[in-house]
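A short worksheet on the structure shown next.
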Amino acid sequence: MTSIDLNADLGEGMGTDEDLLEIVSSASIACGGHAGDAPTIRHILKLCKARGVRAGAHPGYADPKRFGRFRVVMPLDQLLGQIRSQLFLVRFIADEVGIPLSYVKLHGALANQTAEELAFAVGIFATIQAMNAQMAVLALDNSQQVRAAKAVGMPLIREAYADRAYTAEGLLVPRAQEGAVIDDAEAVIERCLRLARDGEIVAIDGTVLKSSARSICLHGDTPGAVDLARDVRDALEGEGITIAAMPPEPAED
């Protein structure tokens, strides 16, 4: 039987967290960089524990005014310090709540930069891996994130996006570009089904991309996010596809 993970970015102040936690199987929790604070993190982690949802950390540039969606030029040590601080916070609260923190997923501009720049991604992932060698990374499939995770020996969960357009190279179309966010519910559902069944995603120019992703991101800040997420889950289950948090690919020796 085919299985696929549904993940959502939570703790970002969208008011959809509790409803999405009834639908998804993994939750990427903002940890004080682009959004999020200790009370919100604690609340979401308690819900994850109660509902059997896998919990992960969702760090980004510490730039809440711009929601972490713009690249910030700074010394690498400063950026790594920001990431460590965010991970320390969410890990401390997860230990308090008594739920494992299973993975890291980078947010926004930081995610896009690591998807494009291998050396940059290796530096970021090596820092995370040094904090916890068992921590997996939820990585954009076919991007430099995957290569970096393998290079530093991190367990890997390959991800695709339900509602974001792709370039022919397999990267996300920048949000400023027309068509970058897919807001047609039927189109989102169809691409999720095609990914789950056939391992394919159609890029914005019509290129058919092969993907091994077994986790699909559903954005909590998309208009109608909860209804869309529920419709995606219903459509997948209607095709006999099980929704479950897939174990990561083990780190390579």
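The values are calculated or read from the model by the stated rules, or taken from the named source; none is laboratory data. Since the model is a prediction, treat every value here as computed from it, not as a measurement. Here Cβ is always computed from backbone atoms with ideal geometry, including for glycine, and neighbour counts include all displayed protein chains. Each accessible area value is taken on the protein alone, full model and side chains, heavy atoms only, with ligands, DNA and RNA left out. Shrake-Rupley method; radii C 1.70, N 1.55, O 1.52, S 1.80 Å.
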Worksheet item: Ranked highest first by average number of other Cβ atoms within 10 Å, how do 172-184, 19-31 line up?
Response: 19-31, 172-184
Worksheet entry | Structure-derived volume of the Cα convex hull per residue in Å³: which label, when the choices are [x] 138; [y] 118; [z] 159 | [y]
Worksheet item: Under a point spin-label approximation (7 Å from Cα along Cα-to-Cβ), what is the residue 178-residue 73 distance to one decimal in nm?
Response: 3.1
Worksheet item: When the accessible area of region 184-245 is split by element with a 1.4 Å probe, what percent falls to carbon and sulfur?
Response: 47
Item to complete: Sequence neighbours fewer than 8 away in the same chain don't count; with that in mind, list the aspartates and glutamates whose C-alpha is under 19 Å from residue 46.
Response: 9, 12, 17, 18, 19, 22, 37, 95, 96
Fill in: Burial ranking of peptide ranges 194-203, 236-245 (average Cβ count within 10 Å, highest at the top)
194-203, 236-245
Practice prompt. Can you work out the accessible area per residue across region 153-253, with the rest of the protein chains kept in place, probe 1.4 Å, in square angstrom?
Written response: 47
Practice prompt. Starting from the Cα-Cα distance between residue 221 and residue 134, subtract it from 0.36 nm times their residue separation and give me the gain in nm to one decimal.
Written response: 28.3 nm
Fill in: Across 65/210; 65/150; 65/105; 105/210, pairs whose alpha-carbon gap is larger than 29 Å
65/210; 65/150
Worksheet item: Under the definition of Cα pairs under 8 Å and six or more residues apart, what whole-number percent is the relative contact order of the chain?
Response: 23
Discussion item. Suppose only helical runs count, i.e. DSSP H with n ≥ 4. What mean residue ellipticity at 222 nm does that imply for the chain under -39500 (n - 2.57) per run, divided by all residues and rounded to the nearest 500 deg cm²/dmol?
Written reply: -12500 deg cm²/dmol
Response to the item:
By accessible area (1.4 Å), largest first, 212, 102 order as 212, 102
Discussion item. As a test question: what accessible area, to the nearest 10 Å², does residue 14 have when a 1.4 Å probe is rolled over all protein chains in place?
Written reply: 80
Response to the item:
Between residue 5 and residues 5 or more places away or on another chain, the pairs with built amide H atoms under 5 Å apart involve 215, 216, 244, 246
Discussion item. With θ taken as phi - 60° and the coefficients 6.51, -1.76 and 1.60, list the Karplus ³J(HN,Hα) couplings across region 152-168 in order, rounded to whole Hz; mark glycine and proline as x.
Written reply: 9, x, 8, x, 10, 10, 7, 10, 10, 10, 6, 10, 10, 6, 10, 7, 5
Worksheet, complete the sentence: FRET efficiency for residue 51 and residue 151 from the Cβ-Cβ distance with R0 = 41 Å, rounded to 0.05, comes out at 0.75
Worksheet item: Which of the peptides 65-74, 220-229 is most tightly packed, and how do the rest follow, judged by the mean count of other Cβ atoms within 10 Å per residue?
Response: 220-229, 65-74
